[in-house]
Amino acid sequence: MAKQKSKYIRKGSNLYSVWNLIMQRCYNPSCRDFKFYGKRGISVCESWKNFDNFVDDVMDSYQKGLTIERINNNGEYSKNNCRWATRQEQSRNRRSSHFLVNPDNNEKKTITEWAKIFGLSRNTITSRIRIGYKDFRVLVGKKHCIRNGKIKIHFAEEARNVRD
């Protein structure tokens, strides 16, 4: 069975809500999220300003429960810059996301993703970054370098180098 065509989708549908929220974020200064979108120059391509065109472009890949995200966080809402993603996938593509690269294989992941892989809390890694550690192996290492605000002896040499 083929997916519905846009002319059959009504206001109040999930797709209409997605499209309407995009338009509000980008063009309505009264929208609470306008400061994160329209105010910083995020816009909607001319084609997508028409709801039917939006639906025609996204309908084939749409699945209930997914959210629309811009691939380039600074780019416009358009067919070539948007995809459907889970909330977890979308949280990775935020301006506030911090990434670490594993120098062994150049794999790039968020701090949260690395913490999960290495069985650490996100706070452990961010605390290590905050006090100045830069080496990936130290950031994701099992041994805690700080205990009650004091540097443990096996990390003391690196800590001295960071502070100098």
- Could you please find all residues in the range 60-89 being touching a residue at least 40 places away in the same chain (Cβ under 8 Å) and either basic (K, R) or more than 17 Å from G38 (Cα to Cα) (or both)? D60, Y62, K64, T67
- Scanning the range 1-45 residue by residue, those under 21 Å from N80 (Cα atoms), modelled with pLDDT under 80 and part of a loop (DSSP other than H, G, I, E, B) turn out to be K3, K5
- Task: Go through the range 48-159 and tell me which strands (runs of 3 or more DSSP E), entirely inside it, have 3 or more residues that are of a type outside the set (A, V, I, L, M, F, W, C), surrounded by fewer than 17 Cβ atoms within 10 Å (Cβ to Cβ) and at pLDDT 80 or above.
- Result: 107-110
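The values are calculated or read from the model by the stated rules, or taken from the named source; none is laboratory data. Quick caveat: nothing in here was measured; it's all calculated off a predicted structure. Here Cβ is always computed from backbone atoms with ideal geometry, including for glycine, and neighbour counts include all displayed protein chains.
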